[in-house]
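Some notes on the structure that comes next.
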């Protein structure tokens, strides 16, 4: 009897696996088809509209205007978005696209995270990709969007005060539990050296230690990419009120996917206690 | 400020008459189809500990045009039913979010009403001893009980003491709880350990912090389910659910069905392998960090001792093993002392109740 149940279970999971694979295949192929069609039609459309503007520049200008305007149509925009990648294989170009789109839409802080520390180890590669995609997606106006890259602790770059500035932070599991443990060690050392007593320790003290000097707000929204349904160690302390929206994959992700998620965030209602 | 969906669960008004007072565990067997489905699921990996954020009572009441109290009443019924399903599926540990520390900011009237409710529920629990013993249910209450009115503290302590010896299944009720308070409290306890000279600040680690949480007697939840379509954690088990499967379901809590639970378990099974991998990776990292910490402590010690002679690898290794053993002993003593402190607190409260 147990064998029969096991066979049914295996069959059920095989079906689900096939269904997932099909859905993923369709998503990628339909997106590629859409992109090809748009790539063909958009220059034509612009050609009719503004005969004076040359193709690529016209396309980029219209896109920049579109990003900013669309950002303003949303009821609320997150201040800080976390991009949580649960997939094993990471496509840096797609991540860079996401970061640039977030900035263009008007999100001030973007964090990028994976639980194996791949982003942390390839920090410079990610930075390069982001700058490259910034050029490509935003064209002439990319200078208006300055990006500050922050690594944990070691970064001492000056803040550039320009009109649209975003901060991109690269995170790894060390920024989660390990940071809390380090803060705990610091407090215990203070107690050991009789600078503090155990009664002085409370949520606010710990919170201020974890915030350090950077004053980055807690993530309002986490976009989780990939099939794994978990936060995989992403900033446990900071995600107390964070909305977690799942996306199927970061590979070949489109601006429309991102905007759809932002729209969904805008409709989330945080009922405050009452 | 986060929302206190679960305080809605607590907002139940117990109807008059003993027969209509709701039980904490429903007595109802599964239907044939439910049993078959359960058995199929059990052929795969099953979660051993499930956490519930039971959200949606008020919306349910609005939807079905009943009083808010009725919505909460149904919510509590659903909890009892869900516990039964979990037992049937072999899930022996359930954690639920009942009352948040943030809830104290509500109006005095509302808070008093909620406290009265809790009194009634825990009193009811004390009258159900045989039933709970039959199922071997151990009730634990996680949170900062000192924030509650004294008589409620005593009632809770009695309930906890009464079911302490049971070990077939565990129900953890988070009351006067938020995850941040829990973590800060764990740090406070470690600082207390340092003050008492039981541990050193260098003994503080990921693992030790986990052992100082209110939930230290439970394994981390494998699966966290939140109903009513909200997709946030709302300050619940933030530390413990880092590598748990999170399932957000749009069904309202009072409408939760056995099939919804199966759907969540299925989701858990699909993510199981990746989560196992992530957890193993994390455990490896923890072990590595601990080893590094021990090494640097030993290096410091040897420097202090410093008799000028460089140590050979073998002696260094021996020193490291010695240090690790003594650290583990220190930590063990500290954790015993902490458990004693907590047990004494509960038993004192419980005996006060008897005297009163």
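Quick notes on this one:
- Considering only residues in the range B:88-112 that are under 17 Å from the mean Cα position of the chain (by Cα) and more than 14 Å from every other protein chain (Cβ to nearest Cβ), the one that is surrounded by the most Cβ atoms within 10 Å (Cβ to Cβ) turns out to be B:98.
- The residues of the range A:162-180 that are within 8 Å of another protein chain (Cβ to nearest Cβ) and buried (at least 22 other Cβ atoms within 10 Å of the Cβ), listed by number, are A:173, A:176, A:177, A:180.
- In the range B:193-226, the residue that is surrounded by the fewest Cβ atoms within 10 Å (Cβ to Cβ) out of those that are at the interface with chain A (Cβ under 9 Å from one of its Cβ atoms) and free of Cβ contacts under 8 Å to residues at least 12 places away in the same chain is B:195.
- Of all the residues in the range B:158-185, those that are within 26 Å of residue B:352 (Cβ to Cβ) and part of a helix (DSSP H, G or I) number 8.
- So residue A:245, is it within 23 Å of residue A:100 (Cβ to Cβ) and in contact (Cβ under 8 Å) with a residue 40 or more places away in the chain: no
- Flag for residue B:237 being at pLDDT 95 or above, closer than 18 Å to residue B:342 by Cβ, more than 9 Å from chain A (Cβ to nearest Cβ) and not in a helix (DSSP H, G or I): no
- Residue match in the range B:291-299 (condition: modelled with pLDDT under 95, within 30 Å of residue A:86 (Cα to Cα) and within 23 Å of the chain's Cα centre (by Cα)): no
- Exactly one residue out of A:204, A:215 is surrounded by fewer than 16 Cβ atoms within 10 Å (Cβ to Cβ), out of contact with any helix residue (DSSP H, G or I) (no Cβ under 6 Å at 6 or more places or on another chain) and facing chain B (nearest Cβ under 9 Å), and it is A:204.
- Qualifying positions in the range A:43-87 - part of a loop (DSSP other than H, G, I, E, B) and either buried (at least 17 other Cβ atoms within 10 Å of the Cβ) or modelled with pLDDT under 90 (or both): A:50, A:51, A:52, A:53, A:54, A:74, A:75, A:76, A:77, A:78, A:86
- Candidates B:286, B:290 - the one that is touching a helix residue (DSSP H, G or I) at 6+ places or on another chain (Cβ under 6 Å), more than 8 Å from chain A (Cβ to nearest Cβ), closer than 25 Å to residue A:175 by Cα and in contact (Cβ under 8 Å) with a residue 60 or more places away in the chain: B:286
- Scanning the range A:235-265 for residues that are in contact with a helix residue (DSSP H, G or I) (Cβ under 8 Å, 6 or more places away or on another chain) and within 8 Å of chain B (Cβ to nearest Cβ) gives A:236, A:237, A:240, A:243, A:245.
- Residue under evaluation residue B:41, criteria (1) modelled with pLDDT of 90 or more; (2) farther than 26 Å from residue A:3 by Cα, criterion not met: (2)
The values are calculated or read from the model by the stated rules, or taken from the named source; none is laboratory data. Values in this document were obtained by computation on a predicted structure and should not be read as measured data. A quick note on method: Cβ atoms are made from the backbone with ideal geometry, for glycine too, and the neighbour counts reach across all protein chains shown.
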